[in-house]
1. Taking B:Ala230, is it more than 11 Å from chain C (Cβ to nearest Cβ) and part of a helix (DSSP H, G or I)?
2. Please list, ordered by residue number, the helices (runs of 4 or more DSSP H) wholly in the range A:44-161 having 3 or more residues that are within 11 Å of chain C (Cβ to nearest Cβ), out of contact with any Cys (no Cβ under 6 Å at 6 or more places or on another chain) and under 25 Å from A:Cys208 (Cα atoms).
3. Going through B:Gly129, B:Gly32, B:Gly73 one at a time, which residue ends up being out of contact with any Gly (no Cβ under 9 Å at 6 or more places or on another chain), more than 23 Å from C:Arg302 (Cα to Cα) and of a type outside the set (A, V, I, L, M, F, W, C)?
4. Among the residues of the range C:136-143, is there at least one that is small (Gly, Ala, Ser) and either modelled with pLDDT under 90 or touching a Pro at 6+ places or on another chain (Cβ under 6 Å) (or both)?
5. Determine, yes or no, whether C:Ser216 is outside any loop (DSSP other than H, G, I, E, B) and closer than 30 Å to A:Leu125 by Cα.
6. In the range B:64-83, how many are within 14 Å of chain C (Cβ to nearest Cβ) and surrounded by fewer than 20 Cβ atoms within 10 Å (Cβ to Cβ)?
7. Among the candidates A:Ser69, A:Ser73, single out the residue that is free of Cβ contacts under 8 Å to residues at least 60 places away in the same chain, over 20 Å from C:Asn197 (Cβ atoms), surrounded by 24 or more Cβ atoms within 10 Å (Cβ to Cβ) and assigned by TED's automatic domain parsing to the domain that holds A:Val23.
8. Given the condition within 14 Å of another protein chain (Cβ to nearest Cβ), of a type outside the set (Lys, Arg) and either more than 25 Å from C:Asn33 (Cβ to Cβ) or crowded, with 18+ Cβ neighbours inside 10 Å (or both), answer yes or no: does some residue in the range C:127-140 qualify?
Amino acid sequence: MLQARPDEAAGRIDHAVLDVRDVRVRYGGVEAVSGAALKIEAPQVVGLIGPNGAGKSSLLAAIGGQAQSASGSVVLLGEDVTRLPPHRRARLGIIRTFQTAGVFDGLTAFENLLVAGVGEEGSTLRAALGTRAQSRRRTQAASDLARQVLEEFEIWHIADLYGRELSGGQRRLVEIARCLMRSPKLLLLDEPTVGVAPHLVDRIGEHCKRIRESGVAILIVEHSMEVISTICDRVIVMASGQVIDDGPFDVVMQSGSVKEAYLA
Amino acid sequence: MSSTILLQSIGFGITTAAVIAIGAMGFTLQLGVTNLLNLSFGNVMTIGAFASLIVERWHLGLVATILAAPLAGALATFVLARTLFAAFAKRHNGTFDLLMVTLATGLIIQYTLDSLAHLQVFQFTFPSGSTLHLGPFVFTVLSLALVGVAAIVLAALMAALHMTRRGKALRALSVDPKLARACGIPMRRMINLTWIVSGALAGLAGLVYVTNSLTVDAGAGLDFLVLVIAAAILGGAGSPVGAVLAALVVGIATEVVAAVGGSYYSQAAGLAILALVLVLRPASGIWSGPNRDEVTV
Amino acid sequence: MSFYLSTIVVYFGADLMAAWGLNMQFGWAGVPNFAFIVFQAAGAYTYATVTLGPSGGVTAFQHYIFGANLPFPLPFIVSALAGGVVALVLGLITLRPLRRDYQAAVFLLFAVIAVDVVSADVNLFNGSNGLAAVPQPLAGIQNSLGLGGYQWLYAAFVVVICAAVLTLIRALGRSGWQRALRAARDDEPAARALGINAPVLRLQVFVIGGMIAGLSGGLLVGLISAWSPGGWQYSETFAVLTGIILGGISNDWGVLIGTFLVQIAFQELTALFLPQIGYPGLSDALVWVVIGLLWLVVLYFRPRGIWPERRMRVNNAPPKPVERGGL
């Protein structure tokens, strides 16, 4: 299902998946991110770690569009998205999850995926007023994909439960599964394993690896070193709003920058 | 518009501001502590006004007439909060559900009063005293007294909130209820106190409103509520000083608009101010967020 | 009696359309539109003014703006547009990321102010007396059909319009657009992060609901030939909402049953059959007290209504909410 896209991967060799330069984010009077930069050349799983208040979620927000960067740039596959609102960035391929598991409570798990998958044309008013046959065709493709994804994540049996009826772990899985409905180029995961049972954490890690194999870059904010060590090829360490280290997992772990970050 | 009319409007505006300020202080105190937008506040103001009207009809004297309003307001608010609002809050209903409860409550109060009052509008008599000219402004003794009352209420509130232990506890409560509870602040007692004080202010505001407008009917509070809420929110939830300053802005704005465009548009001015505040001002607590979706009732 | 029944049919049809319109805004999109009745009033007033002819003319003692003499069916179209325009203007100002209770308060206060302004400013829509003697559409037929027959024809007309609105509602209710709206209602940042342009969608549903409300107002005036501030106090939105919430938010048939119970059964039948207690007008006031109480009861015991939203089922195996710890 998660088809690799060799054509796209080949065509985009000249553009990095993500190029972030000199991003600054202010909340009230506090600068949460002061001049952060990172570059993801090819599909890989990049971990973003650091103590609370280091600016990890704010950096994610700047990339996803939930927060505006006062300076610098965010470039996705050669396209400058710095001034674009979140829904436009989503349409270009930046998909993210939220710390509080943004699952839609009043929609079933299946509908959660459907609403992500029908696409812009399907969610417009014009489409709603169109003929039954047209809308059925559109929803059919999305329905098929939704079923596939739910089965891959082994949560097909909860398809008809409302978001509010799901357990914490199920919500996380639905949220991640939902991201795949939009064929993301860049997936931003904000602490996806918080409050999730251990065996589910392993499952989430497996899914991340498979997503990476299909040509999607992942930037994951995590506190759990186990998850980071299992799935991350590369780790970025943040402290006090700045990036203080960036490199392969083993190298960063040896360098002592992590200790420095948490003690700062 | 000539400058005399403008100045006169400002003078009237100060009186109107005094009337609004008392209600706004009560509203903002309650909003700050409980985080509940209590739309039945307007109807409690009406209850206060009616209580005074009844006492006046029984000829129990000026003091009793004046005291009846805050007493009735405090009692009504306390009963409502401890029964209705508490019942719903106990089931973890959020700010929006509770708002609908206060709205339904207000509806019930308004039409109950209407039924009891035989759908009539009443004339209220209150000695207004002689007219005084202070510079370019025109006041009556009564309107100056209203300004005085508002000033006294503000002073008393500020003193209580900043100099007494209970007051400080209340301020802590309104900033962070969870932390306050963890610090051992007696929540139940403080919240009861909030309801009583804000209810008393609501009742008093109702009395003050009808001494200015001289008519009482069941819908009186609701018209007035627009200006009270506008002032409370413009001044920042939980800040009595803010409420008073905002009341000045709203009061003067409505009188100026009334002088220029006609009195029926004056309330629209209040609503416009409220809309402007909500649209432009990035104040915390107005935007939804995970920690401010609960009421402390 | 037949006269009364045909009137009831018209009232029910208009109330039902209005309820479906508000359900779109409140149930689907989560917009706490306590100013809904203002949209119906906008439609009602414009219907009246574009049928009465220029102000100060034939009906010389009524003052209003927008006078015209439009033939059937234009006034109905105009009334729908009027509702839509008011919704658009109000929506552009108030539909922002604001805490829901503050937003609700703004809508409510707008409704209160609107009634006050229109009541007081005689030049707008004839003040607190309102507009009257509005000519009924195609009144010429009355000669051949008789008043009773004409009224039944009008009732049939309203039923047809109502059915058309229902078709629209059901088509919209099944769409990806509606699903996107519900998602935006539940968690707007998450919805936007999935490509949903929430503000635009919300404005769309607001305007469509407003147009339906306006049309319902026009349909009412077409029959009763009059409209005044007494008919659109802020409490009227409450009556519509109580019908929706009683029957079940977001369930079209639930809304029908709830609206029938509250707007028709309760209000009309108490007026008819309950003995006139106390003084005239008392029962009207008491009706509102009961509606408020009913609201509280429903909110407490069955906030999802009697007939809840029907959930989409795709998995034929019965789903069982799993205990924590397992998957």
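1. no
2. A:56-64, A:86-92, A:109-117, A:132-152
3. B:Gly129
4. Looking through the range C:136-143, at least one residue is small (Gly, Ala, Ser) and either modelled with pLDDT under 90 or touching a Pro at 6+ places or on another chain (Cβ under 6 Å) (or both).
5. yes
6. 1
7. On inspection, the qualifying residue turns out to be A:Ser69.
8. Within the range C:127-140, one or more residues are within 14 Å of another protein chain (Cβ to nearest Cβ), of a type outside the set (Lys, Arg) and either more than 25 Å from C:Asn33 (Cβ to Cβ) or crowded, with 18+ Cβ neighbours inside 10 Å (or both).
The values are calculated or read from the model by the stated rules, or taken from the named source; none is laboratory data. Please read these numbers as outputs of a predicted model, since none were measured by experiment. Neighbour counts run over all protein chains shown; Cβ positions are idealised from the backbone, glycine included.
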